[in-house]
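So the structure is just underneath, and the comments pick up after that.
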Amino acid sequence: MAPVVEAQDLGYVYMPGTPLEQRALQGVSFAIEAGECVGLIGPTGCGKSTLISHLNGLLRPTEGRLTVLGRDVGNTRDLRSLRFEVGLVFQSPEAQLFEETVFAEIAYGPRNMRLPAADIEGRVVRAAALLGLDLDALRQRSPLTLSGGEQRRVAMASILSMEPTVLIFDEPTAGLDPEGRALCLAAIQDLIRNGRTLVVVSHDLELIAALASRVLVLEGGRLAWNGDLRAALRAGLPGLRPTPAGRLCQALSAAGWAVPGDVVTVPEASEAIIAALREQPVTDL
Ligand code: ADP
């Protein structure tokens, strides 16, 4: 089966030929297979937003070639259907809630797709359920009266209700409290289990480790890594900073503890530290 996304030498220059010309991507090549969850990481300004904006045709390549779901993004005339099939959930999507009720907000996309009313109802019910939203209780509420975490999930549901094949999340948990973060994380994990193809952009490597099976690391518009997150950390890419749990393990390792230096998450760190303590009696430390 052909990959869902295939970039070959993809490049993008903003405002070419003007004094404000700015190169954002250069020579980027990668593929994403159906059902994969890929993390897209790298420092601010490395080109992540520019790259994800290409995936549903908000931007078209100025160099190279990008194929998404069999369509050549540089040349396709059918951007409308591409936008229904590739759902892009922007950072803080709740800022764009505008309908009067939760139902109308989640139904907006399917209505735009001009689907029959019964199909719209079914899609709204499914999207709300996937995001753990109690539609019976929330249906007629104004989205603006909900908690920040609920607003985020309503905004995500309004993309999911288009039932896109590919979903892109830009910093999906940024700014949420721990409960909101856990609910969002669980919803995205459900989508992965359901076989959707996902791209998750985040600075939060704990989140990336929990979701993605592979990472693409951008540095200055170029692809610096395509593979395992831990291997990328071991390789010491300049744009990748270990997580606090990772830095703790590195400090312990430097102090002579037998803990690995490529730890990412808190559970991994506690496991590694407990194992090291078992091997080395506390009195020897
Ligand atoms: P990231 O999402 O990783 O922070 P961006 O894709 O937003 O990176 O930016 C990549 C580069 O493109 C940066 O140098 C940025 O200044 C530039 N850039 C982004 N958007 C625009 C724009 N609309 N016009 C001109 N330059 C832009």
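The figures follow:
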read-out	value
Potential lengthening between A275 and A231 on full extension [0.36 nm per residue; Cα-Cα distance subtracted]	13.7 nm
Whole-percent carbon and sulfur share, accessible surface of the chain, 1.4 Å	52
Within region 13-169, percent of DSSP bridges classed antiparallel, to nearest 5	50
Electrostatic dipole magnitude of region 1-159 [Cβ: Lys, Arg +1; Asp, Glu -1; Cα centre; debye, to 20]	220
Debye-sum result for region 1-139 in log10 I(q)/I(0), which assumes one identical scatterer on each alpha carbon, at q = 0.22 Å⁻¹	-1.34
√(5λ) per eigenvalue of the Cα gyration tensor, region 142-281, largest first, Å	32, 19, 13
Alpha carbon centroid spacing (whole Å) that separates region 180-196 from region 1-80	25
Listed residues R153, R80, R230, most fluctuating in the chain (Gaussian network, C-alpha, under 10 Å)	R80
Computed over the chain, Cα set: Rg, Dmax in Å	21.0, 71
Neighbour net charge for G42 - beta-carbon separation under 10 angstrom, K R +1, D E -1	+1
Cα-based shape type of region 111-173, given that a ≥ b ≥ c are square roots of the gyration tensor eigenvalues and the cut on a/c is 1.5	oblate
Rg(Cα) / (2.2 N^0.38 Å) computed for region 198-258, rounded to two decimals	1.19
Top of R181, R83, R193 by mean-square fluctuation, Gaussian network on the chain, Cα under 10 Å	R193
Protection-proxy order for peptides 143-152, 86-95, each taking the mean of Cβ atoms within 10 Å per residue, highest first	86-95, 143-152
Antiparallel %, DSSP beta bridges [both residues in region 101-258], to 5	50
Mean separation of Cα contacts under 8 Å (6+ apart) over length of the chain, as relative contact order %	21
Relative compactness, region 1-69, computed as alpha-carbon Rg over 2.2 N^0.38 Å	1.14
Compactness of region 57-143 - radius of gyration and Dmax, Cα, Å	15.8, 49
Which of M15, L277, Y108, positive extreme of dipole for the chain (C-beta unit charges)	M15
Antiparallel DSSP beta bridges within the chain, as percent of all bridges there, nearest 5	55
C-alpha long axis of helix 117-130 to longest principal axis of the chain, angle in °	10
Angle between the chain longest axis and helix 178-193 axis [Cα atoms, degrees, rounded to 10]	70
Solvent-accessible heavy-atom area per residue, rounded to whole Å², over the chain at 1.4 Å	47
Gaussian network model of the chain, Cα within-10 Å springs - most flexible of N112, N226, N56	N112
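The values are calculated or read from the model by the stated rules, or taken from the named source; none is laboratory data. Keep in mind that this is a model prediction, so the values were computed, not measured. Ideal geometry is used to build each Cβ from the backbone, glycine not excepted, and the neighbour counts take in all protein chains shown. Note: accessible area is taken over every heavy atom of the protein model, side chains too, but ligands, DNA and RNA are not part of it. Shrake-Rupley method; radii C 1.70, N 1.55, O 1.52, S 1.80 Å.
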